[in-house]
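To start, the structure itself, in structure tokens.
The numbers here are math on the coordinates, done by the rules we state, and not lab data. This is a predicted model, so every value here is computed, not measured. Here the Cβ positions follow ideal geometry from the backbone for every residue, glycine too, while neighbour counts run over all protein chains shown.
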Amino acid sequence: MEFPIILLVGFVVFVLSGIRVVFEYKRALKFRFGQYIKVLQPGLRWIIPVIDTTQFVDVRVITINILSQEVMTEDNVPCSIDGVLFFHIDDPERAILEVEDYKFAITQLAQAALRDVCGKVELDTILSKREEIGKNIRDIVEEETAEWGIKVIDVKIKDIQLPENMRRMMANQAEAERSRRAQIILALAEEQAATKLLEAGKLIDQSPSAIKLRLYQTLANIAAEKNSTIVFPFPEEVLHKPNASKNGKVDKHMQDIGEHLL
């Protein structure tokens, strides 16, 4: 009775040892005596113990940091640039069979591509067109990794480190640019104010009533100080523009005095 039990237990262990659970976000490559057989899809799978082996591959989006690279730009500015690369595996078979370590290979390709792309452009281009730089790096890496069944999703430039003297020069340049813009805005404001004052003067000059109202407004502003005393050296009527005197003549001299005071 013991021998059948041993056989049964051995059979159960044999069956259980061949069970493999493949998660939805993974794929399993099946090998028999080292020879590739097929890709096992997600679910409960069984392989022949000892004879068959499996190697799992993650098909989710994988993130790889591109280590900081010392780059000399086209305008001879040294800088350190790092980034991040996103990819996923389209073909698990080729990703395992075509390259020894696809993560290490992609990292090396990304670092070389970053140095190559950034070394062909000026520093201002790198600072202002990060998206374009990342796209160029992605295209280079994707062209190489397409044969490995790997899809490069995106490459982002994370940080750009500049020498201390270059940072000071850029800060001075930015400050000078802001000062220039402030002076331009101030000059435009002065121009607009002068234009409006000229238009207001012409409008007031066309109406004696407006001149009189402007006078009263000026007096009110002066009278805000209680200790002020206002003395008129001439009658208030000279501020008007009379049509004509009884003899048909205008006292031009007194009118000019009033307008000059305003």
Sorted by mean Cβ packing within 10 Å, highest first, what order do the peptides 29-37, 109-117, 155-163 take? 109-117, 155-163, 29-37
Please work out the FRET efficiency for the pair residue 75 and residue 153, using the Cβ-Cβ distance as r and a Förster radius of 35 Å; give the result to the nearest 0.05. 0.65
Could you grab the relative contact order for segment 12-76? Cα pairs under 8 Å, six or more apart, rounded to a whole percent. 33 percent
Scattering profile of segment 1-146 from the Debye formula, Cα beads only, expressed as log10 I(q)/I(0) at q = 0.10, 0.20 Å⁻¹, is -0.53, -1.13
Dipole check, segment 16-58, charges on Cβ (K,R +1; D,E -1), about Cα centroid: among 16, 44, 33 the Cα furthest to the positive pole belongs to 33
Fully extended, how many nm does the chain gain between residue 25 and residue 135 (0.36 nm per residue separation, minus their Cα-Cα distance)? 36.9 nm
